[in-house]
Amino acid sequence: MTRLTKQTKQWLKALFIILALVLIAVITLFNPANLVLNQQAKNDAIIAEKMAYHVGVSAYLYGYPIVEMTTQMHNETHQVEDNQQVYAPVNRLYRFGNLVNPETAGNLRAPNSDTLYYQGW
């Protein structure tokens, strides 16, 4: 077994100190926790953007029919145009007095031309 000289021991001690300092610098500069936090922040931003898009699309899909029906109800129960016939106000029924044909259909799209129809909101 070989004995290490005093100079070799000092050299190994200096090398160990340098390696320890390099390891500390690497851990400090390239902190894995910071890398994970940075990636998590990017992922959170992507998820928030996709969630906002999904909420917007869902609101449009579920809200549009309600707005469209409310607009139709208003247009059929209030006089919007000068030549428009208002059939009945809200909470009243209107009975079409004649059979519906293409000339008298107006806003009513009737599947049967031999049936009397009622309209109400």
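The values are calculated or read from the model by the stated rules, or taken from the named source; none is laboratory data. Everything numeric in this text was worked out from a predicted model, so none of it was measured. Here the Cβ is made from the backbone with ideal geometry for all residues, glycine too, and neighbour counts use every protein chain on show.
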>> Would you confirm, using the coordinates I've provided, whether Y87 is in contact with a helix residue (DSSP H, G or I) (Cβ under 7 Å, 6 or more places away or on another chain), among the hydroxyl-bearing types (S, T, Y) and either exposed (fewer than 10 other Cβ atoms within 10 Å of the Cβ) or not in a helix (DSSP H, G or I) (or both)?
In response: yes
> Only one of I66, I47, I24 is under 30 Å from N91 (Cα atoms) and either in contact (Cβ under 8 Å) with a residue 40 or more places away in the chain or not aromatic (F, W, Y) (or both); which?
Replying inline: I66
> Out of (1) over 18 Å from the mean Cα position of the chain (by Cα); (2) more than 30 Å from Y87 (Cβ to Cβ); (3) at pLDDT 90 or above, what's the single condition that is false for I27?
Replying inline: (3)
